[in-house]
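Peer 1: Quick one: structure below, then a few questions.
The values are calculated or read from the model by the stated rules, or taken from the named source; none is laboratory data. This one's a predicted model, so the numbers in the text were calculated from it and none came from an experiment. Methodologically, a virtual Cβ is constructed for each residue, glycine included, from the backbone with ideal geometry; neighbour enumeration extends over all protein chains shown.
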């Protein structure tokens, strides 16, 4: 399972970059990385986000808003088309 939840405030131990976790990636080899988005810069520009290994990040604050992560007890919501359309048999001329 993941150590850090989406929306948590973290700080990279190596570079000192701090921000909010906005995404995570789990690679086939077992490496887990988190995308950290820093706060707005001077002038209101949005700095680039960066990915860090799980072990490099230190948790500063838990998420303020609980993320919408699927749980084992709740059924997952369906999309716009919950049931696939029924296939109609067509004749040789598409009739």
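Peer 1: Give the range 52-65 a look and list any residue that's closer than 14 Å to residue 2 by Cβ and surrounded by 12 or more Cβ atoms within 10 Å (Cβ to Cβ), or say none.
Peer 2: Within the range 52-65, 52, 53, 54, 57, 59, 63 qualify.
Peer 1: Further question on the same structure: In this structure, does residue 47 turn out to be modelled with pLDDT under 95, exposed (fewer than 10 other Cβ atoms within 10 Å of the Cβ) and part of a loop (DSSP other than H, G, I, E, B)?
Peer 2: Against the criterion (modelled with pLDDT under 95, exposed (fewer than 10 other Cβ atoms within 10 Å of the Cβ) and part of a loop (DSSP other than H, G, I, E, B)), residue 47 does not qualify.
Peer 1: Also, I was wondering about something else. Which of the numbered conditions does residue 7 fail, given that it passes all the others? Conditions: (1) surrounded by 12 or more Cβ atoms within 10 Å (Cβ to Cβ); (2) in a loop (DSSP other than H, G, I, E, B); (3) touching a helix residue (DSSP H, G or I) at 6+ places or on another chain (Cβ under 7 Å).
Peer 2: (3)
Peer 1: Inspect all residues belonging to the range 30-41 and state whether any of them is surrounded by 11 or more Cβ atoms within 10 Å (Cβ to Cβ) and modelled with pLDDT under 90. Even if it seems obvious, please write down each step before you answer.
Peer 2: Of the range 30-41, the ones surrounded by 11 or more Cβ atoms within 10 Å (Cβ to Cβ) are 31-38.
Filter once more, keeping what is modelled with pLDDT under 90: none.
Looking for residues that are surrounded by 11 or more Cβ atoms within 10 Å (Cβ to Cβ) and modelled with pLDDT under 90, one finds none in the range 30-41, hence no.
Peer 1: Does residue 16 count as surrounded by 13 or more Cβ atoms within 10 Å (Cβ to Cβ) and at pLDDT 90 or above? Quick ask: steps written out before the conclusion?
Peer 2: Numbers: surrounded by 13 or more Cβ atoms within 10 Å (Cβ to Cβ): no; at pLDDT 90 or above: yes.
Spelling it out, it is not the case that residue 16 is surrounded by 13 or more Cβ atoms within 10 Å (Cβ to Cβ) and at pLDDT 90 or above.
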